[in-house]
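Below is one structure, written out as structure tokens; comments come after it.
The numbers here are math on the coordinates, done by the rules we state, and not lab data. Keep in mind the model is a prediction, meaning the values are calculated, not measured. Here Cβ is always computed from backbone atoms with ideal geometry, including for glycine, and neighbour counts include all displayed protein chains.
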Amino acid sequence: MIPRLTCILVTPEHTVVEAEADFVALPLDDGELGVAPRRAPLIGRLGFGQVRVRVGRKETRYYVDAGFVQIADNVVYVLTNRALPVEAVNRAAAEQQLEAARKLPLVTPQQESARDRALRQARAQLHAARRA
Amino acid sequence: MPKARTLDKRRASIRNIRKITRTMELIANGRFRKALDRATAATGYAWRLAQLVATLVESGTTVRHPLLAATPTTPRSCALLVLTANRGMCGGFNAGVIRLALEHYTQLSWRCPQIAVDVSGKRGIAALKQRNLAPAQTFTQFEDRPAYHAVQTLADDYMGRFLRGEIQRLDVVYTRYFSSTRQEAVVETLLPLASLGESDAPDHGTSPAGTLVEVLPSADSILEEVVPACFRIRLFKCFLDAAASEHIARMVAMKAATENADEIIRHLSMTYNRARQAQITGEIMEIIGGVEALQS
């Protein structure tokens, strides 16, 4: 019998989800990663995006704000700064953030990376809001 | 002996005070439970993060990061963050933190020419103003339920200043929550970070040693993000500990106040009864005196 995954989504404030799942998709920093049961142990860096948790045919999406993932023994630990169901993502706020990010200064390399980060975050939120 | 009526009035006002302190005690109790739950959740997160670092180190990654750089023995400029409450009525909570902060400030000022003092909480701001110490930054928005994103902004600001070399050291003075019976004001050096793991975190068993772990995209890229995350959660933990300690301090103070009020009420009741009896006796004596005067 194929074991099931346990998906645990934690933020510093509380545990958002702790549930069994058949499949979990994670937004890694450089692209999406699908995790099925019996995945080899892994540590990964998350980007801004959506975690998809599939149980049977039902799929739940969560927006996560960067962080890490550790997979071991069929347990997927997602550590993130912020996690919320995609339905709860505030679209207007995301649009405002995108506008604000576009106006950030672009002189030093640090500023460039900060701007890039803010842009990616805002776009990921917008994307999540559209999918909801 | 005071009049029975004035005693009764005083007793009524103390009863009112008792009602207030009792309510405050109950409220603090409820808030303390919530604050403790949040602190536990943050500890869980910090522990997971420490596990992740441990696994990385086990797989042969050397941990190197500018935030971990060895501190120069004589830092040119430091930042001191003092966490106090916005409100009083919590016993020695604020006084303890402020006393320690001032002691630490004096010690630090011998070695470090430039110290920026940042204060959170109205009580701390007022206390420093009284001592003619102008804080560089003041915060009153953290209240008793510090939100992570607010602390994150603050943490990012400190990290930016540290990386740009504006500060070489960050010390936080706060009340650490050890257990429900023990909270102490402590000084903790958060920058440069001493270690990545929670040194005193409860050991829930070690990660499976010797397993090969895939690291995506690369160990360096993860470290680049893990170290700031560790710092943020440490700072957040300081805020949560301070909040939990504040509530427990208020609970204890208000419990003592309620008990004292009970004691005073008991005492006043006794005096009141005596005064009333004396008054009645006096009146009877007067009547008897009057009757006797009429008879004679």
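Among B:E286, B:E188, rank each residue by its count of other Cβ atoms within 10 Å, from fewest to most, as a rough exposure measure.
Going from sparsest to densest Cβ surroundings: B:E286, B:E188.
Does the range A:1-40 classify as rounded, prolate or oblate by the C-alpha gyration tensor (a ≥ b ≥ c root eigenvalues; a/c under 1.5 gives rounded; else a/b over b/c gives prolate, otherwise oblate)? Show your work: numbers first, answer last.
Details: a/c = 2.97, a/b = 1.18, b/c = 2.50.
Here the range A:1-40 falls in the oblate category.
Return the long-range amide H neighbours of B:I167 (sequence gap of 5 or more, or a different chain), with a cut-off of under 5 Å between placed amide H atoms.
B:F162
Within the set of other residues whose C-beta is less than 13 Å from the C-beta of B:A261, count the net charge using Lys and Arg as +1 and Asp and Glu as -1.
Result for the local shell: +4.
State to the nearest 20 debye the size of the charge dipole of the range B:28-251 about its Cα centre, where the only charges are +1 on K and R beta carbons and -1 on D and E beta carbons.
It comes to approximately 980 debye.
Take every Cα pair under 8 Å in the range B:28-251 that's 6+ residues apart, average their separations, divide by the length, and report that relative contact order as a whole percent. List each step's numbers first, then the result.
Details: 338 pairs, mean separation 78.7, N = 224.
Relative CO of the range B:28-251 lands at 35 percent.
With contacts defined as alpha carbon pairs under 8 Å and 6 or more residues apart, what's the relative contact order of the range A:90-131 in percent?
Details: 31 pairs, mean separation 22.3, N = 42.
In percent, rounded to a whole number, it is 53.
Kindly identify the range A:5-86 as rounded, prolate or oblate by the Cα gyration tensor criterion: order the square roots of the eigenvalues as a ≥ b ≥ c, call it rounded if a/c is under 1.5, otherwise compare a/b with b/c, prolate if a/b is larger, else oblate.
rounded
Quick one: work out the % antiparallel among DSSP beta bridges in the range B:28-251, nearest 5. Walk me through the intermediate numbers first.
Details: 9 of 24 bridges.
Within the range B:28-251, antiparallel bridges account for around 40 percent of the total.
Lysine pairs in the protein assembly as shown with Cα distance under 21 Å, only those 8 or more apart or on different chains: how many are there?
Qualifying lysine pairs in the protein assembly as shown: 5.
Going toward the positive end of the dipole of the protein assembly as shown, with +1 on Lys and Arg Cβ and -1 on Asp and Glu Cβ, which of B:I125, B:T153, B:S13 do you reach last?
Farthest towards the positive end: B:S13.
Determine the shape class of the range B:16-159: with a ≥ b ≥ c the square roots of the Cα gyration tensor eigenvalues, call it rounded for a/c under 1.5, and otherwise prolate if a/b is greater than b/c, oblate otherwise.
Details: a/c = 2.67, a/b = 1.25, b/c = 2.14.
Because a/c hits 1.5 or more and a/b fails to exceed b/c, the range B:16-159 counts as oblate.
Per-residue HN-Hα couplings for the range B:18-35, Karplus 6.51 cos²θ - 1.76 cosθ + 1.60 at θ = phi - 60°, whole Hz, x for Gly and Pro?
4, 4, 5, 5, 5, 4, 4, 4, 5, 4, 4, 4, x, 5, 4, 4, 5, 4
Specify the inter-centroid distance of the range B:229-247 and the range B:49-93, based on alpha-carbon positions, in whole Å.
Between the Cα centre of the range B:229-247 and that of the range B:49-93, the gap is 11 Å.
Compactness ratio of the protein assembly as shown: Cα Rg over 2.2 N^0.38 Å, N = residue count?
1.34
Please find, in a Gaussian network model of chain B (springs between Cα atoms separated by less than 10 Å), the residue of B:P217, B:P146, B:P66 whose mean-square fluctuation is greatest.
Residue with maximal mean-square fluctuation among B:P217, B:P146, B:P66: B:P217.
Let me know the charge dipole size of the protein assembly as shown about its Cα centre in debye, to the nearest 20, where only the beta-carbon of Lys, Arg (+1) and Asp, Glu (-1) is charged.
1320
Which one, B:L68, B:G282, B:A116, is farthest towards the positive end of the dipole of the protein assembly as shown when Lys and Arg carry +1 and Asp and Glu -1 on their Cβ?
Going by the charge dipole, the pick is B:G282.
Quick check on the exposure proxy: order B:I248, B:I167 from fewest to most C-beta atoms within 10 angstrom.
If I rank by nearby Cβ atoms, fewest first, I get B:I167, B:I248.
Who wins for biggest fluctuation among B:A256, B:A85, B:A28 in a Gaussian network model of chain B, springs between alpha carbons below 10 Å?
Largest GNM mean-square fluctuation: B:A256.
Which residue, A:L33, A:L84, A:L106, has the most motion in a Gaussian network model of chain A that connects Cα atoms within less than 10 Å?
A:L106
Kindly write out, for the range B:91-106 in residue order, the coupling ³J(HN,Hα) from the Karplus curve 6.51 cos²θ - 1.76 cosθ + 1.60 (θ = phi - 60°), rounded to whole Hz, with x marking Gly and Pro.
x, x, 4, 5, 4, x, 5, 5, 4, 5, 4, 5, 4, 5, 4, 4
Ranking A:I8, B:I98, B:I233, B:I17 by Cβ neighbours within 10 Å, fewest first, what do you get? Mind showing how you got there, number by number?
Values: A:I8 18, B:I98 23, B:I233 27, B:I17 15.
In increasing order of surrounding Cβ atoms, one gets B:I17, A:I8, B:I98, B:I233.
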